[in-house]
Amino acid sequence: MKTVFSGIQPTGKVHLGNLLGAINNWVHLSNEENKNYFCVVDLHSLTTHPDPSLMQENINETIKVLISSGINQKNSNIYIQSNVPEHVQLSWILSNFCQIGELQRMTQFKEKVDQLGSHAGILTYPVLMAADILIHKANEVPVGDDQTQHLELTRNIVERFNNSYGEIFPLPERTTGKVGARLMSLRHPDNKMSKSKDDLNGTIYFDDSKDEIIKKFKSSVTDSENEIKFDNETKKGISNLIDVYSTLHELTHADVENKFKNSSYSEFKIEVGESVVSYLEPIKERYDSLSEGDVATLIKDNLDDVKNSAKKTMDEVSAVVGV
Ligand code: AMP
Ligand code: TRP
């Protein structure tokens, strides 16, 4: 049986990129014979200096989206990172198996330094992420394409640690959905869709209304041709829409091109928008039916199991390093 771990930051509203790039895949994995840990990584989000008065609300909202997305709860633990201090303990130990240069070379480090200033949390962010993955000895990590480098770093840390102390950790693999590993902004198809608030029209949020969704797709940026063809170099906008449609309907890019070969861009945009509306509708319905009490109960029920698993790894690691 495989162990699956993934995380999401409670930094704002969950968007279609999160759902198609990561959470959708969590749902698939939760329906297989795996042991799953899905974590709201609030400690990671501190690197962005979020408003403390919004923190609990954002954590709750993120957990509610995870529950509503259809994750099979039977074999999955949804939990909050800061409730399990072993993540940070392991992170400290692992930081001794990671070079400063490696951390400085991370693309996300370079991007974030420009946005957030160069504090040490941004530099060591990937070490805490490695600890998240390794605290339950996960073999599989379903994440979007933007996390590839962080996962590579985790694998390097595992190899070095295991070389010194024996086969303590498995070598984790990244898994992505078939397509949609990196969903781009509808307005700026060169940039990935993200939670940042300066691209509201390019981002589809999980709770956007039907009208908002259709409007955002209708005004999505494409190109001056009128051929629905996947080409990520010269037709980024239309390729992004093909990606969304093919993910939601489990079709290949060629299938989508074929299906819409006689359609105009505006017809295709509406079809994609409506597919997104149908995909989000049941998620929103489940979301609206969940109470704060439901969330609190779920977190409480999962926590013992999560803490036991984390403690077991931490005891083993402490013993091998001799502390
Ligand atoms: P974050 O919102 O940065 O915590 O990301 C949570 C998960 O969503 C991670 O697995 C990311 O790789 C994934 N993700 C975030 N943005 C996108 C995007 N635009 N396309 C695909 N996956 C994404
Ligand atoms: N860095 C991830 C992101 O921004 C979130 C994350 C933190 C994560 N720890 C993780 C993802 C562990 C997978 C596994 O999206």
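Every test in (1) buried (at least 21 other Cβ atoms within 10 Å of the Cβ); (2) within 14 Å of ligand 2 (Cβ to nearest atom) is passed by residue 63 save one, and that test is (2).
Within the stretch 134-154, does at least one residue satisfy the condition of being more than 12 Å from ligand 2 (Cβ to nearest atom) and either open to solvent by less than 20 Å² (accessible area, probe 1.4 Å) or among the basic types (Lys, Arg) (or both)? Yes - at least one qualifying residue is present in the stretch 134-154. In the stretch 65-83, of all residues being of a type in the set (Val, Ile, Thr) and not in a helix (DSSP H, G or I), the one that is farthest from residue 42 (Cα to Cα) corresponds to 71.
Scanning the stretch 2-11 for residues that are more than 10 Å from ligand 2 (Cβ to nearest atom) and open to solvent by 10 Å² or more (accessible area, probe 1.4 Å) yields 2, 3.
Of all residues assigned to the stretch 169-180, none qualifies as being in a helix (DSSP H, G or I), in contact with an Asp or Glu (Cβ under 8 Å, 6 or more places away or on another chain), of a type in the set (A, V, I, L, M) and more than 30 Å from residue 95 (Cβ to Cβ).
Among residues of the stretch 309-323 that are closer than 26 Å to residue 36 by Cβ, none has a beta-carbon under 7 Å from a residue that is among the aliphatic types (A, V, I, L, M) and open to solvent by 70 Å² or more (accessible area, probe 1.4 Å) at least six positions away or on a different chain. Taking the criterion of being within 13 Å of ligand 1 (Cβ to nearest atom), closer than 24 Å to residue 307 by Cβ and part of a strand (DSSP E or B), the residues of the stretch 12-40 that qualify are 38, 39, 40. Only one entry of 115, 81, 9 meets the criterion of being at pLDDT 95 or above, within 14 Å of ligand 1 (Cβ to nearest atom), assigned by TED's automatic domain parsing to the domain that holds residue 132 and under 28 Å from residue 201 (Cα atoms), and that entry is 9. Residue 123 meets all of the listed conditions (1) away from ligand 1 (no atom under 16 Å from the Cβ); (2) modelled with pLDDT under 95 but one, namely (2).
Only one of these is modelled with pLDDT under 95 and closer than 30 Å to residue 288 by Cα: 177, 202. Name it. On inspection, the qualifying residue turns out to be 177. In the stretch 66-87, the residues that are of a type outside the set (D, E, K, R) form Cβ pairs under 6 Å with partners that are in a loop (DSSP other than H, G, I, E, B), at six or more places apart or across chains, as follows: 72/31; 81/41.
The values are calculated or read from the model by the stated rules, or taken from the named source; none is laboratory data. This one's a predicted model, so the numbers in the text were calculated from it and none came from an experiment. A quick note on method: Cβ atoms are made from the backbone with ideal geometry, for glycine too, and the neighbour counts reach across all protein chains shown. SASA here: full protein model, heavy atoms, side chains in, ligands and nucleic acids out. Shrake-Rupley method; radii C 1.70, N 1.55, O 1.52, S 1.80 Å.
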